[in-house]
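Report on the structure given below.
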Amino acid sequence: MRGVALLDKRRRGFLFNPPHASPLRHAQPTKDHPLQRRVTFDNRLLPYLLLAPQVAVTLVFFIWPAAQAIWQSVHLQDAFGIRSEFVWFENFTHVLSDPNYLDTLKVTIVFSVAVTVLAMGVALLLAVLADSKIKGARAYKTLLIWPYALAPAVAAVLWMFIFNPDIGSFGRALRALGYDWDYRLNGGQALVMVIMAASWKQVSYNFIFFLAGLQAIPRSVMEAASIDGAGPVRRFWTITFPLLSPTTFFLLVVDMVYAFFETFGTIHALTQGGPGKATETLIFRVYQDGVVNNDLGGSSAQSVILMVIVIALTAVQFRFVERKVHYA
Amino acid sequence: MATVEIRNVRKSYGPVEAIKGIDIAIQDGEFLVLLGPSGCGKSTLLRMVAGLEGITGGEIAIGGRVVNHLDPKDRDIAMVFQNYALYPHMTVFDNMAYGLKIRGIPKAEIRARVDRAAEILELGRFLDRRPSQLSGGQRQRVAMGRAIVREPAAFLFDEPLSNLDAKLRTQMRVEIKRLQDRLGITSLYVTHDQVEAMTLADRILVMNHGVAEQIGTPLEVYQRPASLFVAGFIGSPPMNVLDGRIDDRGGAVLLPGGQSLPLPQPRPTEAGRPVKLGIRPEHLAVADAGFVIEVELVEALGADTVVYGRLPGGEALLVRMAGLPSCRSGDRLTVSPPADALHLFDAVTGRRLEG
Ligand SMILES: Nc1ncnc2c1ncn2[C@@H]1O[C@H](COP(=O)(O)OP(=O)(O)O)[C@@H](O)[C@H]1O
Ligand SMILES: [Mg+2]
């Protein structure tokens, strides 16, 4: 309330400034647009100046590297980076016909689907609990939001301290129980661990959105359903879940993008893609091939493929958010 | 079809007691209106009957069965909410059919029941629409439809008309009355609107601060208000209340202005007692002798006229007269009530002095 009032006051103050003091003025109604009362700019340059930082950031940090990646993906560079040769789509055919790359793709799909399902499932469960009348719900909500504020590498170190077979508390406990736990040697175990670490990070984010979605459902609608005879489980699946679908879909795309692109730090800190290539995802391989193996062309081709994937995901999201998932 | 009995029911929220012991037995098929100002506990009482709110003390029985510990779904009731509480992602048909599907009623019968309700409520054309594609009045009907297809033991309404505009409200009020007459289902109806209460109710329970001030038919509540609170809450404009004292012989009320109004029945045992005297504005009429008021404001409502007057002692006095105004502000007017239109209340407790 207070924030809104402040904002309102500020805005009013701004509009009420005398015209010469403000770069903005209200357009007078004109013959062509008798009812036009939009805010217009006296200074033709000002809007461009205001936009400039945003445009600059986009250019320097997105368009420029993207263009470079595309340029490099159709060139072959010698080992010293001195000469490069235009090779059409050779890098792409090379990448896509490499059985190792297809293995990485498989790992990525398993990893991404698992992270998305796990992060969303756990977050939804926690949000439903937090939304019901439990004691200490506030403290519990705050605790759940913390992991999001943690840098991936720090989070990964925490996980290592838990799961390391020699020094990790849980890792040692597993070994003490006679289970042969060593993610440094066992690829399956390593994959499970990075999936858990990556999901854990994303649970907080999903939780906030799910909780907000749940709290937007009027209480009386749930009460009407319980009077209509629906128990808690049926209420969840026939009322809550459908009403959450816009949130669920939004998070589905966000989590997929996260699992594909933003888990590099986690994997790098925990397993470096190993053992073997058991936890090497597409994004990790881009780094591996480009920075470690110095294959700039191949790495760039992979980047371009990833870029196409993320553009496709985003497009799907926009189309659905605009149409299908709307009910109200 | 069922009776609803509320026996000494209480509700506390922490240290705050919202319902302080209410007793009423609602007959099978009766239309009971819970009337009272905002915050008096009407919704709380209704929600306890529905099972949406725990019962701190006392007992509620529906159809002779104590339901204190039953879930809402096992109480065989249907409820219409103030904001309608429709399922936004379902069509009108599915909204109405939801409760029936859960209860495992065969598809053909669901279809038949929903179609019948849709016909009664003139919703037939909208069965495939979502609530967001309906007007407020139509949503209200869907909420009603969802309740009637269930054929429950009792209907519960929580201010179902207060989100509608005045004209639609009047129209729906008539429709609800007609519907209830036709279906004959026991109904509890919460409202703060006295007109709704007077027109819909078989009996009204007037609530104030979590207690029942009076339970009675609309006419009883109007003609013999049990307390100053009821007297002031029912009737528009509200009843005039003047300070007074019963004279030493117990035969008249003395007012500070010096007037003396004879009582229809003498009250010798209460001689000298201070009282509050209530007179409804519509019972005051121009006369040769009586209260002399100075007219401050005249409201012409068309069918009748409300005169805001002031007594010589400074007390306000409202008069409602049939027809168009016959006086102007600044005029002096002499008005008087018939002897049987006087209401006497205890000056301290505010309870009605019977007789
Ligand atoms: N969940 C609650 N917690 C605490 N106090 C409540 C709660 N619900 C209602 N009350 C209080 O109980 C009283 C009655 O409320 P309510 O039944 O909603 O009134 P009405 O429907 O007559 O307007 C109010 O004083 C309200 O503040
Ligand atoms: Mg209420």
Kindly indicate whether B:Tyr13 is farther than 14 Å from B:Leu156 by Cα, within 16 Å of ligand 2 (Cβ to nearest atom) and within 14 Å of chain A (Cβ to nearest Cβ).
yes
Based on what the data block shows, is B:Phe31 in contact (Cβ under 8 Å) with a residue 40 or more places away in the chain, within 13 Å of ligand 2 (Cβ to nearest atom) and surrounded by 15 or more Cβ atoms within 10 Å (Cβ to Cβ)?
no
Residue pairs meeting the criteria (Cβ under 7 Å; at least 6 apart or on separate chains; first away from chain B (no Cβ under 12 Å), in the stretch A:237-252; second surrounded by fewer than 19 Cβ atoms within 10 Å (Cβ to Cβ) and not in a helix (DSSP H, G or I)):
A:Phe249/A:Val325
State whether the residues of the stretch B:47-54 include one that is among the basic types (Lys, Arg), within 26 Å of the chain's Cα centre (by Cα) and assigned by TED's automatic domain parsing to the domain that holds B:Ala143.
yes
Look at B:Arg130 and say whether it is over 24 Å from the mean Cα position of the chain (by Cα), buried (at least 18 other Cβ atoms within 10 Å of the Cβ), within 14 Å of another protein chain (Cβ to nearest Cβ) and in contact (Cβ under 8 Å) with a residue 60 or more places away in the chain.
no
Pairing a residue in the stretch B:13-27 that is at negative phi with any residue that is of a type in the set (Ser, Thr, Tyr) and in a strand (DSSP E or B), where Cβ atoms lie under 8 Å and the two sit 6 or more apart in sequence or on different chains, gives B:Ala18/B:Ser12; B:Ile26/B:Thr186; B:Gln27/B:Thr186
So is B:Ile19 away from chain A (no Cβ under 14 Å), within 25 Å of the chain's Cα centre (by Cα) and within 16 Å of ligand 2 (Cβ to nearest atom) or not?
yes
Give just the number: which of (1) in a helix (DSSP H, G or I); (2) loosely packed, with under 14 Cβ neighbours inside 10 Å does A:Met160 not satisfy?
(2)
Need pairs with beta-carbon distance below 6 Å; first residue of a type in the set (Lys, Arg) and within the stretch B:145-165, second not in a loop (DSSP other than H, G, I, E, B); sequence gap 6+ or separate chains.
B:Arg146/B:Asn95; B:Arg146/B:Met96; B:Arg150/B:Ala78; B:Arg150/B:Gly99
Which listed residue is surrounded by fewer than 19 Cβ atoms within 10 Å (Cβ to Cβ), within 22 Å of B:Leu353 (Cα to Cα) and more than 16 Å from ligand 2 (Cβ to nearest atom), from B:Thr199, B:Thr170, B:Thr217
B:Thr217
Applying the selection to the stretch A:205-234, what residues are surrounded by 17 or more Cβ atoms within 10 Å (Cβ to Cβ) and touching a Ser or Thr at 6+ places or on another chain (Cβ under 8 Å)?
A:Phe209, A:Phe210, A:Gly213, A:Leu214, A:Met222, A:Ala225, A:Ala230
Do any strands (runs of 3 or more DSSP E) lying entirely in the stretch B:1-115 carry at least 3 residues that are within 16 Å of ligand 1 (Cβ to nearest atom) and acidic (Asp, Glu), and which ones are they?
none
Answer with yes or no whether A:Val221 is within 9 Å of chain B (Cβ to nearest Cβ) and in contact (Cβ under 8 Å) with a residue 12 or more places away in the chain.
yes
Among the residues that make up the stretch A:268-282, is at least one of them of a type outside the set (A, V, I, L, M, F, W, C) and within 18 Å of the chain's Cα centre (by Cα)?
yes
Hey, among B:Gly41, B:Gly54, which residue is under 24 Å from A:Arg219 (Cβ atoms) and either of a type in the set (Ser, Thr, Tyr) or buried (at least 17 other Cβ atoms within 10 Å of the Cβ) (or both)?
B:Gly41
Unique residue being closer than 30 Å to B:Glu196 by Cβ, outside any loop (DSSP other than H, G, I, E, B) and touching a Phe, Trp or Tyr at 6+ places or on another chain (Cβ under 8 Å) when the list is B:Leu297, B:Leu242, B:Leu344:
B:Leu297
Meets criteria (assigned to a helix (DSSP H, G or I) and in contact (Cβ under 8 Å) with a residue 60 or more places away in the chain) for A:Ile63:
no
By my count, helices (runs of 4 or more DSSP H) wholly in the stretch A:231-328 with at least 2 residues that are of a type in the set (D, E, K, R) are A:232-235, A:296-322
Report, by residue number, each residue of the stretch B:61-80 that is at the interface with chain A (Cβ under 8 Å from one of its Cβ atoms) and in contact with a Leu (Cβ under 9 Å, 6 or more places away or on another chain).
B:Pro72, B:Ile77, B:Ala78, B:Met79
Determine whether A:Asn206 is of a type in the set (S, T, N, Q), in contact (Cβ under 8 Å) with a residue 60 or more places away in the chain and away from chain B (no Cβ under 14 Å).
yes
Return yes or no: is B:Arg224 farther than 30 Å from B:Ile24 by Cα and basic (Lys, Arg)?
no
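The values are calculated or read from the model by the stated rules, or taken from the named source; none is laboratory data. Treat the numbers as computed from the prediction; the structure is a model and nothing was measured. So basically every Cβ, Gly included, is an ideal-geometry build from the backbone, and we count neighbours across all protein chains shown.
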